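What follows is calculated from the coordinates using simple rules that are stated; it is not laboratory data. Since the structure is predicted, the reported quantities are computational estimates derived from the model, not experimental observations. Positions of Cβ are backbone-derived with ideal geometry, glycine not excepted, and every protein chain shown enters the neighbour counts.
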Amino acid sequence: WPPVVPGTMFPTIAGCLATNVHGKNNHQAGTIGEQVLSFNALLPTGEELTCTPKHNKDLFYGLIGGLGLLGV
């Protein structure tokens, strides 16, 4: 099992990132956003960007916990 899992097995990984889920052990493992090293974001232009804490960091931190308001 990953360090952070949602309360049910129905959410997608994108949904988990968008809501920055925490598991039952968030006091130990933190949120899912603290576990992510990188992800690809699809922009409205069709461009796909790899986001990390160092590369496209504004998108990286904006999309994690952004409730789906900033991306697909």
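Here are the numbers:
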quantity: Highest to lowest packing among 2-9, 14-21, scored as the average C-beta count within 10 Å; calculated: 14-21, 2-9
quantity: Max mean-square fluctuation residue, GNM over the chain, Cα-Cα springs under 10 Å, options Pro11, Pro53, Pro44; calculated: Pro44
quantity: GluC sites (Glu not before Pro) within the range 31-71, DSSP loop, no more than 14 other Cβ atoms inside 10 Å; calculated: Glu47
quantity: Contour excess over end-to-end distance, with Cα ends at Phe10 and Lys24 and 0.36 nm allotted per residue; calculated: 3.4 nm
quantity: Most fluctuating residue given options Gly62, Gly30, Gly46, as computed from a GNM of the chain linking Cα atoms under 10 Å; calculated: Gly46
quantity: Cα point-scatterer Debye curve for the chain, base-10 log of I(q)/I(0) at q = 0.13, 0.14, 0.15, 0.26 Å⁻¹; calculated: -0.37, -0.42, -0.48, -1.21
quantity: Residue order, fewest to most beta carbons within 10 Å, for Phe60, Phe10; calculated: Phe10, Phe60
quantity: Two-site label geometry, Lys54 and Gln35: point separation in nm, points 7 Å out along Cα→Cβ; calculated: 2.4
quantity: Loop-resident sites, the chain, for trypsin sites (Lys or Arg not before Pro), counting at most 16 other Cβ within 10 Å (DSSP); calculated: Lys24, Lys54
